[in-house]
Amino acid sequence: MGEIAPASAPLDRKTLAELRLRLADTLRARAGEPATGAPRELLVCAGGACISCHSVAVADELERALAASSLAGRVRVVRVGCMGLCEAGPLVVVSPDGVYYQKVDREGARRIVAEHLIAGRVVSDLELAWDAPDGRRLTGHEVPFFAQQVKIALRNCGVIDPAAIEEYAARDGYLALERVLFELSPDEVIDALKSSGLRGRGGAGFPSGMKWQFVREAPGDEKFVVCNGDEGDPGAFMDRSLLEGDPHSIIEGMAIAGRVTGASRGFVYVRAEYPLAIERLDNALTAARRAGLLGEDILGSGFGFDIEIRIGAGAFVCGEETALLRSIEGKRGTPQPRPPFPAQHGLWDKPTLINNVETWASVAPILLRGPQWFAAIGTRRSKGTKVFALAGAIRNTGLVEVPMGISLRTIVEEIGGGIPSGRSFKAAQSGGPSGGCIPAAAADVAIDYESLQELGSIMGSGGLIILDDRTCMVELARFFLEFLVEESCGKCPPCRIGTRVMLNLLERITKGEAVPADLDTLEALGRHIQRTSLCGLGQTAPNAVLSTLRHFRAEYDAHVLEGRCPAGQCKALLTYTILAEPCSGCALCAKACPSGAITGEIKHLHVIDQELCIHCGACLSVCPTDAVEAV
């Protein structure tokens with residue numbers, strides 16, 4: 001195919017159609033779909049995770065090796081967005097062969113060119129492979145991590161160069177916008193969204209079609225469209241990866257919403273910690289303007305719409321929509337009472353449609369493939385797919401998109417590859433700090449909005465942290481609540497004061513200082529905060545505590561009644577001793593002890609004075625012979 005020339009002049013409908021035809025086979029082959037005549041390409045993951053593993057250097061090395069070979073000018077290196085399997089990065093895919101290479105370094109890049117491209121043999125020790133239970137060796141798209149996914153929002157991530165608007169267009173990009181501009185009425189678009197069952201993917205899961213209708217019907221000659229890309233959950237990177245890997249899908253979704261609701265301006269709110277996402281989104285906005293897909297008179301339709309980026313300072317509370325809107329206005333990001341809702345009185349008191357990144361990315365496919373197609377995926381009340389950031393005690397960490405209703409067990413054991421190091425699956429924490437914990441006993445429950453709520457958790461934006469048997473659920477609840485206490489805006493007393501009291505109780509429990517009545521107080525206070533807090537942050541802040549109290553009450557009882565941490569993680573409840581046989585008398589433990597509790601002569605058994613021990617664990621961490629035991 002050769003290099004794809006960037007658009008230097010506005011793209012009309014005819015040019016867009018020609019691009020789709022000319023590049024169709026190339027893009028289908030990259031996505032692992034049947035294609036004829038597709039050129040040989042090397043796709044290099046340039047998502048944030050792989051870049052941190054030096055994928056840029058790998059791409060550069062591939063280009064150098066190609067330039068010095070007989071393939072110069074005939075094979076192209078394409079830097080694409082996140083491919084999903086972050087654990088295996090840097091990832092390189094040979095297209096159209098469909099061969100995935102994992103953890104590629106510069107030497108590996110040279111071998112891919114010399115052995116795969118020139119000699120015609122797969123570099124087997126670098127190939128991404130999976131040994132199936134039936135003895136088969138699965139590779140490429142057959143690997144369960146990829147085979148079990150259904151990609152809608154992530155359809156272009158890992159497939160297109162996010163800097164090339166032509167490649168997005170070749171994947172039916174901006175075709176939905178064309179249809180909305182020239183074929184579909186606003187009411188038809190809203191009806192399609194309603195029929196699809198699409199719900200907001202940012203947390204509460206409010207029906208998207210209804211929200212669009214509220215804004216369209218709201219009185220006023222000025223309205224706004226906003227994308228919430230704040231994503232402050234620890235361990236979550238769904239929105240970041242979408243903005244990095246497929247920014248035009250968000251732009252197209254927002255432009256469609258502008259046409260439907262009557263808005264002419266849009267804002268994307270992204271936290272400053274996402275510099276790569278901001279850079280790629282900014283480049284995409286510039287390309288869309290040059291191509292005539294943003295600005296005045298889009299594609300000659302008479303409709304004008306443009307988008308600006310607003311960079312947030314990283315306050316977790318600005319993920320709440322009313323706080324986010326105040327931040328865009330240049331004010332301190334604090335939540336506002338609702339009603340009125342943003343659909344009636346939002347940005348600068350004007351009707352405002354606000355959705356998160358994943359929701360915007362799902363709009364165009366629904367309009368192109370039809371609401372019935374989307375509604376056929378998922379469960380009765382939770383339609384379509386959901387993107388999760390899979391992290392924690394799991395072999396295959398990364399980004400996954402799965403049908404609503406899939407079981408947690410399937411995500412953990414098949415897509416995630418199970419728990420490493422021979423440990424057992426204990427629980428999953430969903431929905432970020434505001435979410436709750438799902439016990440292993442509920443692993444076969446369908447993952448959807450309603451099921452998670454019944455278990456005391458939430459879907460949230462899609463963080464999914466897998467926990468093994470070494471996790472102390474009390475300490476986990478304390479950790480997340482500590483984060484929320486620090487991030488509380490302080491506007492309402494239930495959140496400002498109540499969460500801090502809950503944190504103090506949890507700290508007493510993990511130190512062995514609590515009494516049984518503290519557990520009742522903790523639960524009652526959590527329920528009260530849920531009912532009385534001003535915004536979603538406060539209302540969901542007790543979730544981690546209440547869900548662990550519900551599903552792991554025995555662990556709380558062990559801390560309070562027995563002064564024992566079953567997982568062996570709460571240092572204040574551990575007793576450190578030195579075992580005679582493994583101890584070599586090296587004295588490293590004595591040197592590391594900050595309280596002088598360890599004594600003994602060189603090459604002789606050392607002992608710990610329990611009255612002086614402060615339970616810091618320093619001795620355990622430095623002992624080279626595993627002679628220190630904590631029980």
- Quick one: is S424 more than 17 Å from F145 (Cα to Cα), surrounded by fewer than 19 Cβ atoms within 10 Å (Cβ to Cβ) and touching a residue at least 24 places away in the same chain (Cβ under 8 Å)? yes
- Task: Mind counting the residues in the range 345-376 that are surrounded by fewer than 18 Cβ atoms within 10 Å (Cβ to Cβ) and assigned to a loop (DSSP other than H, G, I, E, B)?
- Result: 2
- Any idea which of L324, L276 is surrounded by 24 or more Cβ atoms within 10 Å (Cβ to Cβ) and within 30 Å of L484 (Cα to Cα)? L324
- Query: Which one is nearest to I411 (Cα to Cα) among residues in the range 132-145 that are not hydrophobic (A, V, I, L, M, F, W, C) and not in a helix (DSSP H, G or I)?
  - Reply: P133
- P234: passes all of (1) at pLDDT below 95; (2) crowded, with 22+ Cβ neighbours inside 10 Å; (3) not small (G, A, S) but (2)
- Scan the range 57-70 and give yes if some residue there is loosely packed, with under 15 Cβ neighbours inside 10 Å and assigned to a loop (DSSP other than H, G, I, E, B), otherwise no. yes
- Looking only at the range 289-299, decide whether some residue is among the hydrophobic types (A, V, I, L, M, F, W, C), buried (at least 24 other Cβ atoms within 10 Å of the Cβ) and either in a helix (DSSP H, G or I) or assigned by TED's automatic domain parsing to the domain that holds L464 (or both). yes
- Query: How many residues are crowded, with 17+ Cβ neighbours inside 10 Å and touching a strand residue (DSSP E or B) at 6+ places or on another chain (Cβ under 7 Å) if we restrict to the range 553-578?
  - Reply: 3
- When E273 is run through (1) assigned to a loop (DSSP other than H, G, I, E, B); (2) free of Cβ contacts under 8 Å to residues at least 40 places away in the same chain; (3) at negative phi, the failure sits at (2)
- Within the range 565-577, identify whether any single residue is small (G, A, S), more than 15 Å from I614 (Cβ to Cβ) and not assigned by TED's automatic domain parsing to the domain that holds A517, and answer yes or no. yes
- Query: Which of the residues belonging to the range 199-245 are under 20 Å from the mean Cα position of the chain (by Cα) and among the charged types (D, E, K, R)?
  - Reply: R199, R201, D230, E231, D233, D239, R240, E244
- Any residue at all in the range 83-90 that is out of contact with any Pro (no Cβ under 7 Å at 6 or more places or on another chain), among the acidic types (D, E) and over 18 Å from V122 (Cα atoms)? yes
- Take E244 and decide whether it is out of contact with any Cys (no Cβ under 9 Å at 6 or more places or on another chain), farther than 22 Å from F480 by Cα and acidic (D, E). no
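The values are calculated or read from the model by the stated rules, or taken from the named source; none is laboratory data. From a predicted model like this one, the values you see are computed outputs, not experimental measurements. Quick reminder, even Gly has a Cβ in these numbers, built from the backbone with ideal geometry, and neighbours come from all protein chains shown.
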